[in-house]
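Have a look at the structure below before the remarks.
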Amino acid sequence: MKQPAEMPELCEHLQPVLDDLLVRGARITFAGQAWSQNCRLWVYLDLELDLAELRKRHALAACVINHEHAGTHDGRERGLVCFRCHDAVMGLFPPA
């Protein structure tokens, strides 16, 4: 998929994580408001995210939480969510 002409700008808590992942070769598959009004900007990437490794590489604020959704009919995702700013970086859910 072609990268957006304008790169999405996440909150200060998650932008460094997104920048790091893009430099390492991740590709954006979707960027926008996902799920509900409670989501400001969620960026989806084309790879699985190693949340433990991301937490080691980045000094994440307490407002950034791990998120996992293993939906049976409405999609599967794993990533980091900033519950203060309602932004997120999401990756693929690992296969069962």
Which condition from (1) under 13 Å from LEU14 (Cβ atoms); (2) of a type outside the set (Asp, Glu); (3) part of a strand (DSSP E or B) is the one that ARG84 breaks? (3)
Result of the Cβ filter at 6 Å on region 1-29, keeping first residues that are at pLDDT below 95 and partners that are of a type in the set (Gly, Ala, Ser) and outside any helix (DSSP H, G or I), at least 6 apart or interchain, is PRO8/ALA31
Could you count how many residues in region 60-80 are without any contact (Cβ under 8 Å) to a residue 24 or more places away in the chain and closer than 20 Å to ALA26 by Cα? 4
Just give me the residues in region 27-64 being loosely packed, with under 13 Cβ neighbours inside 10 Å and aliphatic (A, V, I, L, M), in sequence order. ALA52, ALA59, ALA62
Out of the residues in region 30-51 that are of a type outside the set (A, V, I, L, M, F, W, C) and more than 16 Å from ASN66 (Cα to Cα), state the one that is modelled with the highest pLDDT. ASP46
When every residue in region 65-96 that is over 14 Å from the mean Cα position of the chain (by Cα) and of a type in the set (A, V, I, L, M, F, W, C) is compared, the one surrounded by the most Cβ atoms within 10 Å (Cβ to Cβ) is ALA70
Flagged in region 60-81 as at pLDDT 95 or above and outside any strand (DSSP E or B), in numbering order, are LEU60, ALA61, ALA62, CYS63
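The values are calculated or read from the model by the stated rules, or taken from the named source; none is laboratory data. Treat the numbers as computed from the prediction; the structure is a model and nothing was measured. Positions of Cβ are backbone-derived with ideal geometry, glycine not excepted, and every protein chain shown enters the neighbour counts.
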